[in-house]
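The values are calculated or read from the model by the stated rules, or taken from the named source; none is laboratory data. These figures come from a predicted structure and were not determined experimentally. As a convention, Cβ positions derive from the backbone with ideal geometry for all residues, glycine included, and neighbour counts pool all protein chains shown. Ligands, DNA and RNA are stripped out before the accessible areas are found, and what is left, the full protein with its side chains, is counted by its heavy atoms. Shrake-Rupley method; radii C 1.70, N 1.55, O 1.52, S 1.80 Å.
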Amino acid sequence: MSAMKPVNHHTAILFLAGICLMLLQFFMIREISAILRGTEVVILLVTISYFTGYSVGYALSGSFSLAGLRLLALVFWMLHITLPFSLRYFSAMLHERSPGWSFAFIIFFAMFLLSSFYSLLLPWFIDREGGGTSLARLYGAELAGAMAGAVGAMTLGAYPMAQPLLYQVSLAGVLLLLWPKKRMGVAVALGLAVYCLAFQSLERGSLVAHYVKGIHFQQAEPLLSVNSPYQKVDFLRSGLTGKTYIFLDGNMNFGSTSLEHFNTFLSRLPAGLIRPENALVIGAGSLQSLRNVAPHTGHVDVVEIDGAVVEGSRRFLADINRLDTISNWSLTIQDAKYYLGSTDKRYDLIVVDVPAPLSIQLGLLHSVEFYTLAKSRLTPKGVLSVSLSGSFGKTATTPKTVAAAALAVFEEAFLVAPDIPGRSFALAGRSLPFGREDIERASVELGHKNTIIYDKAEAELMVGDTEPISLDHLSYPVKRSFSLFIKRHITGETP
Amino acid sequence: MTRTIYALAFGLYFGVIQTAYFFGLEILLTAAYTSFITATLAWISGVIAGLFLPDGRGDGGRMTNLTVAKPLIARPLMAWPLVAWHIAGLLAYYGAMVLLSSFPYDFSLLPAYWILIMISGAQAGHFFRINQPYFPTAAQLFLMENNGFIIGWISGFGGFVALGVKSLLITPAALGLTLIPMILLHARYATGQVAEPEETDSTYAS
């Protein structure tokens, strides 16, 4: 190492720093967002803090001598080798006392202690080398490292330890190139060895602390935790109920009894009524909707953007989805918009089983344009069944917003509010092959006698002038996630 | 106009155009990670290419082997290559938007999007390379550009939330065209035709 030319040294350091920066951007921002229960506003704030960290590093760049830089690298290494576990433990501890303090600490961490060290390095070396052509070489090296980091983050996300380990190895490389001493090499090697050996237990322990203290999920037992290209995917088992839960970016996606009942309504009720030849389920989740639709259908296509969710459901929710009993289905891992936009198939039933519009991406799946696209893939008597993400009523804004989009697109619709707290859904189409009485009868068969059903005219009166989500009006998911953010992190309410 | 405002403004522009690419691809191609990784890698590879492009000074644009800033400044900074790069980056963006809206959900066009994003990214790399000599330290250049980038990222996001797809059509052009007079003025400061206000320690035309 000591035989290395300084210029090559600098280039190598910047390359490794680029890998670290990109890995941080992928997996640590996701970890942090999950700790804060990621919605659009949370992800936005964390990302801004991360990029502000770059400015902090640039601003401090001129303040460090080589000795100071080495010391800083050592301090950063000692701090970052505890990630992501220490962050989960510490934020959980703070959350127990005050959600606001936990949030403030995490934003402070993201702003000052995440990316700032790496961003400090680039101008430090450029100025050290006297400018000139060194900027192109050094910045080019950092960007090449960033590209390698991006590819690594995308390909290694399915393996729980891979991303953090690649990050730790790259950071260790930065430290050793900056401070090439034998004793440092030994310390770093020891640190990495301990990190690898303790990973499983620390990962498990810190996840439990986060869910028990931060989210009040008692007796959480982690089954699977991965960073997919889209979100942090956690499968947990409750020690109290023995049930399995799915959490996406810290938000419960599947697990409550009412949600299970509702899924049955959303998918089995229309499938039982129309007996479709071809059905499409958008959003796999637990794959429970597939189980509900498949027995009544010729063939079911399932489209899910995140393969990690499907993989987890196959492994840990087999008792819910009973995939071993279903053969008439196929799975496509893809964005639903792309799938609908590029397929020639026509469906008798499309079930939209996606989470509430708390992000722009999810908002687009509840938009006028998306429903228009879905309508174009329905047969003339085809039906769209979509969750309204809440209990439909005059004061509930999310169900009204989702309903407004469906009502704007489809000629006929029924909004159905079964006697399940906080749940309702819409059945919509050009010419629905069933009437109100059929829905009432099917509801009773599913064990619910007090289902409220609104036809299109009644629903339009309830919705009033609520503006639907559309490509020209995307503010709703941000407003909704902002109010949720205030409740969770500022006022401390449990929404 | 000072060099700090210039760097801030370009950072803002790069932030806006990057978010606009992301949203455009997410809506009209796919929200799958293919879009995100294409935009990220294409932009970065463009920046790398831009770092090694001819620097657009009055020497015919040959690569230099200079190791200090001073001699670079002695050569005049020509405005037209900067404006040309800027317009190329902007046209590449609108080319991508036209392709996306004409052929939505068409993955076969992914290589075309890669090239177009790369052209826009190349301007960012070229920006750093060309402007480094006009800042006392590289840190100041990166700091100002990054501050602008954060503002641009927030503005791009906010514009998209407030105006929807209209913002993807309006904002980059409005901002991009506003920057052209700034480029012309910057080139005049840099070549010493006009005295720069405020920053007396400037390496502009020293």
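If one takes the longest principal axis of the Cα atoms in chain A, at what angle in degrees, from 0 to 90 and to the nearest 10, does the Cα axis of helix A:436-445 lie?
70 degrees
So how do A:Cys20, A:Cys196 rank on accessible area, 1.4 Å probe, biggest first, that is with the largest at the start?
Numbers: A:Cys20 0, A:Cys196 50 Å².
Listed by decreasing accessible area, they come as A:Cys196, A:Cys20.
For segment A:346-365, list whatever residues lose no less than 50 Å² of accessible surface once every protein chain is in place, relative to that chain by itself, with the probe at 1.4 Å.
Residues losing area: A:Ile360.
Accessible area per residue, 1.4 Å probe, Å², for chain A: what's the number?
37 Å²
What relative contact order, as a whole-number percentage, does chain A give when Cα pairs under 8 Å and 6 or more residues apart are counted?
Here the relative contact order equals 14 percent.
On the full set of protein chains, 1.4 Å probe, figure out the accessible area of B:Ile151 and give it in Å² to the nearest 10.
Accessible area of B:Ile151: about 80 Å².
Under the rule a/c < 1.5 gives rounded, and otherwise a/b versus b/c splits prolate from oblate, where does segment A:80-170 land using the Cα gyration tensor?
Since a/c reaches 1.5 but b/c is at least a/b, the shape of segment A:80-170 is classed as oblate.
Any chance you could give the angle, 0 to 90 degrees and rounded to 10, that helix A:66-80 forms with the longest Cα principal axis of chain A?
Computed tilt is about 30 degrees.
Quick check: convex hull over the Cα atoms of segment A:1-137, volume per residue in Å³, rounded to an integer?
Considering the Cα atoms of segment A:1-137, their hull volume per residue is 116 Å³.
Give the average, rounded to an integer, of partner chain Cβ atoms located within 10 angstrom of each Cβ in B:139-152.
Taking the mean over all residues of the peptide, I get 6.
Using a cut-off of 13 Å between beta-carbons, work out the net charge of the residues near A:Arg436 (Lys and Arg +1, Asp and Glu -1, A:Arg436 not included). Each step should come with its number before you reach the end.
Numbers: positive: A:Arg441, A:Lys456; negative: A:Glu412, A:Glu437, A:Asp438, A:Glu440, A:Asp455, A:Glu458.
Counting the neighbours of A:Arg436, the net charge comes to -4.
Return the average number of partner chain Cβ atoms within 10 angstrom of each residue Cβ along peptide A:468-476. Could the numbers behind the result be given before it?
On the way: counts 0, 1, 2, 8, 6, 4, 9, 6, 1.
Per residue, the average neighbour count from other chains is 4.
Averaging over every viewing direction, what projected area does the convex hull of the Cα atoms of segment A:140-263 cover, in nm²?
9.8 nm²
Could you check how much of the accessible area of the protein assembly as shown is carbon and sulfur, as a whole percent, using a 1.4 Å probe? Before the final figure, lay out the partial values.
Numbers: 16430 of 26050 Å².
Carbon and sulfur together cover 63 percent of it.
Checking an interface number: how much accessible area is buried between A and B, summed over both chains, with a 1.4 Å probe, in Å² rounded to 100?
By this definition, chains A and B bury close to 4200 Å².
Using helices alone, I'd like the mean residue ellipticity at 222 nm for chain A: each DSSP H run of four-plus residues gives -39500 (n - 2.57), total over residue count, nearest 500.
Result for chain A, helices only: -16500 deg cm²/dmol.
Please report the Cα spread of the protein assembly as shown along all three principal axes, rounded to whole Å, starting with the longest.
Principal axes ranked by extent give 85, 55, 44 Å for the Cα atoms.
Taking beta carbons within 10 Å but only from partner chains, what does the mean come to for residues B:38-46?
Taking the mean over all residues of the peptide, I get 3.
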